[in-house]
Structure formats: structure tokens, C-alpha cells
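Just below is one structure, and these are the notes that go with it.
The values are calculated or read from the model by the stated rules, or taken from the named source; none is laboratory data. These numbers were taken from a predicted model, which means no experiment stands behind them. Cβ coordinates were reconstructed from backbone atoms using ideal geometry, including for glycine residues, and neighbour counts include every protein chain displayed. The accessibility values were calculated without ligands, DNA or RNA, using every heavy atom of the protein model including side chains. Shrake-Rupley method; radii C 1.70, N 1.55, O 1.52, S 1.80 Å.
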Amino acid sequence: MARWLPDGNIEYLGRIDNQVKIRGFRIELGEVETALMQNAQVEKAVVLVSELTLGEHELVAYLTLNDELIMGTFRAELALQLPDYMIPSRFIVITQFPMTSNGKVDKKALDPTIGEELSNEAEYVAPANKIEEDLAVLWQTVLKKEKIGVNDNFFDLGGHSLTATRILSAINIEMGVQINIKNIFLNPTIRETAIQIDFLQKQKVGRENKKELKEISI
């Protein structure tokens with residue numbers, strides 16, 4: 001949308017479609033909303049962009065439901081229709097959408113506090129060793145969650161490639177091992193990642209001990 005100024009210049013006013021940009025990807029919010037409403041339990045869906053920190057945003061879906069929604073199954077269905085960067089990080093269930101005087105959804109009135117957030121977390125299982133404890137603290141810091149269990153899925157909690165890179169950087173520096181982003185996608189829980197780190201640390205110690213061995217004549 002633009003307007004023609006009296007001096008002949010054109011002033012850009014903004015987009016008239018519903019397209020946004022998240023982590024470098026252009027996303028049509030209407031496409032996400034359509035995918036959400038493919039589920040029979042979803043009556044209506046509105047997707048908005050929420051700012052996490054300066055320059056970092058996430059998708060938040062507001063839903064009214066026909067019936068109870070099973071989160072794990074719902075996200076699995078969405079993954080068949082949408083790439084991961086188009087799947088909302090948060091799902092807020094509300095009883096009804098606030099409307100404007102023109103009969104349209106009042107998006108400015110939508111706020112997480114007006115509804116109940118659907119949990120993406122598995123049943124909480126506490127860390128069982130030092131590596132899992134350190135990873136839990138790291139995940140909670142990066143993902144801005146208060147309590148994360150060792151079986152929670154990184155991506156179900158709102159993780160993405162950017163936050164995965166931050167976690168890997170911290171692991172490589174603080175735990176002295178080198179793992180890549182592929183490991184997070186294949187093993188997206190704290191417990192699975194901890195097993196990898198433990199294995200790599202033991203390998204590293206073994207190599208260092210081997211270097212200290214001295215050949216002697218018998």
C-alpha cells in the first residue's frame with residue numbers, strides 16, 4: 001500500500017496482505033491459519049507475530065475449539081502440512097474472539113493472558129546427572145522456559161534453527177565437545193543430547209590418556 005504525494009513522489013505505507021518475516025522466511029499468516037483449521041477440533045484460528053526480544057519474533061496461534069485438542073497429535077499433523085518455521089511456537093485457547101465494531105476480529109485485543117496456553121511439554125522428568133542438569137539450565141535460558149524436563153522436545157517448546165545454534169555454541173564451549181545442528185534435529189531431547197555428550201567426553205578423555213602413554217622397552 002502506498003500513496004502518491006503532491007510532489008510526485010510515492011510514499012510506501014506498508015503491506016496490505018498478511019505476510020510477515022520470521023527468521024528470514026516470508027510467511028503468509030492466512031496459510032498457517034488454514035492449516036490449523038484443517039483439524040476438526042479447531043473451530044477458528046488467528047495467527048499473530050509476537051516479539052520475544054529485539055529483532056526476534058515468534059508465531060502465536062489463537063484458537064477456539066470444538067473439542068479437546070491433543071497437542072502432540074496436532075503438532076504432528078501440522079508438520080505434514082507446514083515447514084517447521086511456519087508452525088506456531090505457542091497455542092492459546094480462548095472462548096471467543098474479540099470483535100471490532102465492523103464485525104472483524106480485533107487482533108489488537110488478542111493477548112496470551114485472555115486464554116489458556118496449550119502445553120507442548122511432555123510429562124516432566126527431572127535431570128538424572130550433571131550433564132542433564134547443565135543442559136536443562138541452558139535450554140531454560142535460551143528458550144525462556146521456567147521448567148524443562150529431559151524428555152521435552154526442543155522444537156515442541158518453540159526451538160528453531162537459530163536457538164539450536166545458540167545452544168550448540170554453549171555446549172561446545174562449556175562442555176568441551178563438538179556436536180552439530182543435525183544432532184539436535186535427530187535427537188531433540190535433553191536426555192538424548194546428554195547421552196551424545198557423555199560419549200564424546202569419554203572419547204576425548206580416552207584420546208588424551210592415550211597421548212600421555214610412553215613407550216618403554218621390556
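Before moving on, here are some points about what is shown:
- Residue in segment 125-140 that is touching a strand residue (DSSP E or B) at 6+ places or on another chain (Cβ under 7 Å) and touching a residue at least 24 places away in the same chain (Cβ under 8 Å) present: no
- Among the residues listed as Ser89, Ser101, the single one being among the hydroxyl-bearing types (Ser, Thr, Tyr) and within 15 Å of the chain's Cα centre (by Cα): Ser89
- Selection from segment 70-99 of residues that are among the polar types (S, T, N, Q), in a loop (DSSP other than H, G, I, E, B) and modelled with pLDDT under 90: Ser89
- Residue match in segment 170-178 (condition: surrounded by 18 or more Cβ atoms within 10 Å (Cβ to Cβ), more than 27 Å from Gly24 (Cα to Cα) and within 16 Å of the chain's Cα centre (by Cα)): no
- Flag if Glu31 is over 25 Å from His160 (Cβ atoms), open to solvent by 50 Å² or more (accessible area, probe 1.4 Å) and touching a residue at least 24 places away in the same chain (Cβ under 8 Å): no
- Only one entry of Ala61, Ala76, Ala40 meets the criterion of being of a type in the set (A, V, I, L, M) and more than 24 Å from Leu162 (Cα to Cα), and that entry is Ala40.
- Cross-chain or 6+ apart pairs with Cβ under 7 Å, segment 172-193 first and free of Cβ contacts under 8 Å to residues at least 12 places away in the same chain, then part of a loop (DSSP other than H, G, I, E, B) and surrounded by fewer than 17 Cβ atoms within 10 Å (Cβ to Cβ): Asn172/Gln178
- Given (1) more than 15 Å from the chain's Cα centre (by Cα); (2) of a type in the set (Phe, Trp, Tyr); (3) open to solvent by 60 Å² or more (accessible area, probe 1.4 Å), index of the condition Tyr62 fails: (3)
- Whichever residue in segment 88-111 is under 20 Å from Ile148 (Cβ atoms) and in contact (Cβ under 8 Å) with a residue 60 or more places away in the chain and, among such residues, is most open to solvent (accessible area, probe 1.4 Å): Arg90
- Unmet criterion (only one of (1) within 19 Å of Ala109 (Cβ to Cβ); (2) open to solvent by less than 80 Å² (accessible area, probe 1.4 Å)) for Glu51: (2)
- Condition check for Gly24: open to solvent by 30 Å² or more (accessible area, probe 1.4 Å) and either over 23 Å from Asp111 (Cα atoms) or modelled with pLDDT under 85 (or both): yes
- Of all residues in segment 179-210 being within 18 Å of the chain's Cα centre (by Cα), more than 17 Å from Glu133 (Cβ to Cβ) and aliphatic (A, V, I, L, M), the one that is least open to solvent (accessible area, probe 1.4 Å): Ile184
- Considering segment 21-59, the residues that are assigned to a strand (DSSP E or B) and touching a Phe, Trp or Tyr at 6+ places or on another chain (Cβ under 8 Å) include one that is farthest from Phe91 (Cα to Cα), namely Phe25.
- Scanning segment 129-141 for residues that are surrounded by fewer than 18 Cβ atoms within 10 Å (Cβ to Cβ) and in contact with a helix residue (DSSP H, G or I) (Cβ under 8 Å, 6 or more places away or on another chain) yields one hit, Asn129.
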